[in-house]
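Each remark here refers to the structure printed beneath this line.
The values are calculated or read from the model by the stated rules, or taken from the named source; none is laboratory data. Note that this is a predicted model, so its numbers are computed, not measured. Here the Cβ positions follow ideal geometry from the backbone for every residue, glycine too, while neighbour counts run over all protein chains shown.
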4 protein chains.
Amino acid sequence: MTTDAVQTEGFSQTELNLALNFLEQIPFNKVLGLKPKLLTAERCEFSMAMKDDLVGNWLQGILHGGAISTALDVTGGAMALIATWQRLHRDDVPKEERPKKLSKLGTIDMRVDFLHPGKGKEFVASATLLRIGNKVAVTRMEFHNEDGELIAVGTGTYLCG
Amino acid sequence: MTTDAVQTEGFSQTELNLALNFLEQIPFNKVLGLKPKLLTAERCEFSMAMKDDLVGNWLQGILHGGAISTALDVTGGAMALIATWQRLHRDDVPKEERPKKLSKLGTIDMRVDFLHPGKGKEFVASATLLRIGNKVAVTRMEFHNEDGELIAVGTGTYLCG
Amino acid sequence: MTTDAVQTEGFSQTELNLALNFLEQIPFNKVLGLKPKLLTAERCEFSMAMKDDLVGNWLQGILHGGAISTALDVTGGAMALIATWQRLHRDDVPKEERPKKLSKLGTIDMRVDFLHPGKGKEFVASATLLRIGNKVAVTRMEFHNEDGELIAVGTGTYLCG
Amino acid sequence: MTTDAVQTEGFSQTELNLALNFLEQIPFNKVLGLKPKLLTAERCEFSMAMKDDLVGNWLQGILHGGAISTALDVTGGAMALIATWQRLHRDDVPKEERPKKLSKLGTIDMRVDFLHPGKGKEFVASATLLRIGNKVAVTRMEFHNEDGELIAVGTGTYLCG
């Protein structure tokens, strides 16, 4: 596994690798081929390559909306995870208590807007943090193809404490 | 393929079978195991069985949020498809022009609310119609497990003309 | 103030009147003329009468979308308030601690779908509870006119603990 | 009425003034004190000053969520209006046919995320265009106070043809 992720405040490289491993091992993420590419306090990115299984309209050979929604949810969730991890670090929550708190992280709700057909070979889902609180994180997501076309956007809220 | 779908106004049984076939043949729907169970003018239902590939949290063995989002989007889209078909019939749009119009159908945006963890063996995604216009259809979706627990709800808008 | 609200589990009539008073005294609610009509554990309703100030399109004399959004948010918030109150009661949280917890209640996010133009003289916004947890409540809202036409629907998530 | 709006492609100054006048004369916009500050093809802005009528929580003196939702919807709608106007111009739709098409413009649905309490004296709601099609426009909105704090974000879809 290679990633551009830099070590972020509160993360050791070991912990970062654990997080990357965790995200890559999720079964449905593997089905989609979602790979973490960037995990920082400001931005997270996952890549996803087009393949037959992900097609929604085989006449036009475009990505299924559900694959796009999944990529956005996963990327927003990773952003919420990193942000929560940093908050726990900032708040001096003991290291041994962090995994339990992180395990409660989950999507509350998500909106996806489909702007253009999912045409392309290599896609990137990215997320930025809008808010991190004691209980709720809010993230904004985007989904681009290799030509930089903005295919979809999303907003997600995540329970994080 | 077996289905409880009854013949709806404007649909011949042949057409209904075509629609069912179309929905089942979508590659990503097959990956998820989404099967149309009911396609009527008032309500659409798809079933989805739990399997390893769909897991999001393997410690807890629960469904990935992306699989739930996909099931809701597909079911809402089928509801919009049926409703649009009926509108074309009601408006006396010639049969040969209908496929072209239906081919433009696509999700504009969707919201998903995750209410409870996706635990279960057999899930049903259902959609009801909130609005069908000349250009936009709006549907409300629900996602239950075999115990009737409401796991997620959604709302979708679809371009339909 | 008259209301059809019945006394709900955990609420004394005095407390219910306090809640009603609180909701009616919110300045922006008064501008809109939002009046609580029903506050129960299953369903909340507010009425709102058409008036010049609330018009969004004066050629057609229809309600401003913002007035509809506000009515849905207020009604969903009241539903979350009642549900949280009941949860605090069920969990035997001391009465003196409840106001502090309730004061933290706020909207996390909301979606509104506008189905038909806001024509009418008397409107009712209603909310039902989809989920009440320790931290987040989820509600579904509807907005009807006096003819029973469904003008808009919404979904809201509320921080409640 | 003063505005920073520059003349945009397809707009004469007279037309721009008509649009500004139209937006300012909407009754509910006047109740809120919403004033257009910028109307360009890339971005629209409205200002709104705090006043007693707009308060949602009088203990804390913060803006009602409904006032924020309204400001975001109005600003996104103005962005969709400008973008549609430009599309009609680009597509050489005759000037006399444009008002009829613009009159059909309306919000399909909107999501609002409340990030921080609405504290402040002067607020700015801004919108940028995510997509303009023949039938649907999608906009992203933000709501800031005079300190530049991001209080809320939103996404809206608008019927525009």
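Condition test on B:ARG140, is it part of a strand (DSSP E or B), among the basic types (Lys, Arg) and under 29 Å from D:VAL138 (Cα atoms)? Break it down stepwise before answering.
Values: part of a strand (DSSP E or B): yes; among the basic types (Lys, Arg): yes; under 29 Å from D:VAL138 (Cα atoms): yes.
Judged against the criteria, B:ARG140 is a match.
Mind listing whichever residues of region A:121-158 are among the aliphatic types (A, V, I, L, M) and within 17 Å of C:ILE108 (Cα to Cα)? If you could, list the steps in order and put the result at the bottom.
Let us first name the residues in region A:121-158 that are among the aliphatic types (A, V, I, L, M), namely A:124-125, A:127, A:129-130, A:132, A:136-138, A:141, A:150-153.
Within region A:121-158, A:LEU129, A:LEU130, A:ILE132, A:VAL136, A:ALA137, A:VAL138 qualify.
Which of the residues that make up region C:131-151 are under 14 Å from the mean Cα position of the chain (by Cα) and of a type outside the set (Val, Ile, Thr)?
Let us first name the residues in region C:131-151 that are under 14 Å from the mean Cα position of the chain (by Cα), namely C:137-144.
Selection gives C:ALA137, C:ARG140, C:MET141, C:GLU142, C:PHE143, C:HIS144.
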What strands (runs of 3 or more DSSP E) lie completely within region C:1-107 and have 1 or more residues being under 30 Å from D:GLY76 (Cβ atoms) and of a type in the set (A, V, I, L, M)?
C:43-49, C:55-57
Selection status of A:THR107, surrounded by fewer than 16 Cβ atoms within 10 Å (Cβ to Cβ) and either β-branched (Val, Ile, Thr) or within 15 Å of the chain's Cα centre (by Cα) (or both)
no
Just checking, how many residues over region D:110-146 are crowded, with 24+ Cβ neighbours inside 10 Å, β-branched (Val, Ile, Thr) and within 30 Å of D:LEU59 (Cβ to Cβ)?
1
Would region B:109-120 turn up any residue that is part of a loop (DSSP other than H, G, I, E, B) and away from chain A (no Cβ under 14 Å)?
yes
Filter region B:19-43 for residues that are among the small types (Gly, Ala, Ser) and out of contact with any strand residue (DSSP E or B) (no Cβ under 6 Å at 6 or more places or on another chain); which is farthest from the other protein chains (Cβ to nearest Cβ)?
B:ALA41
Looking for something free of Cβ contacts under 8 Å to residues at least 60 places away in the same chain and in contact with a Pro (Cβ under 7 Å, 6 or more places away or on another chain) - is there at least one such residue anywhere in region B:70-91?
yes
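Restricting attention to region B:147-158, and to residues there that are buried (at least 20 other Cβ atoms within 10 Å of the Cβ) and within 8 Å of another protein chain (Cβ to nearest Cβ), which single residue is farthest from B:LEU81 (Cα to Cα)?
Across region B:147-158, the extreme among qualifying residues is B:VAL153.
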Which of the residues belonging to region D:30-68 are crowded, with 24+ Cβ neighbours inside 10 Å, within 18 Å of C:GLY65 (Cα to Cα) and either under 11 Å from the mean Cα position of the chain (by Cα) or free of Cβ contacts under 8 Å to residues at least 24 places away in the same chain (or both)?
D:LEU34, D:PRO36, D:PHE46, D:LEU54, D:GLY66
Every residue in region B:44-59 that is modelled with pLDDT of 95 or more and more than 7 Å from every other protein chain (Cβ to nearest Cβ), please.
B:CYS44, B:GLU45, B:PHE46, B:SER47, B:MET48, B:ALA49, B:MET50, B:LYS51
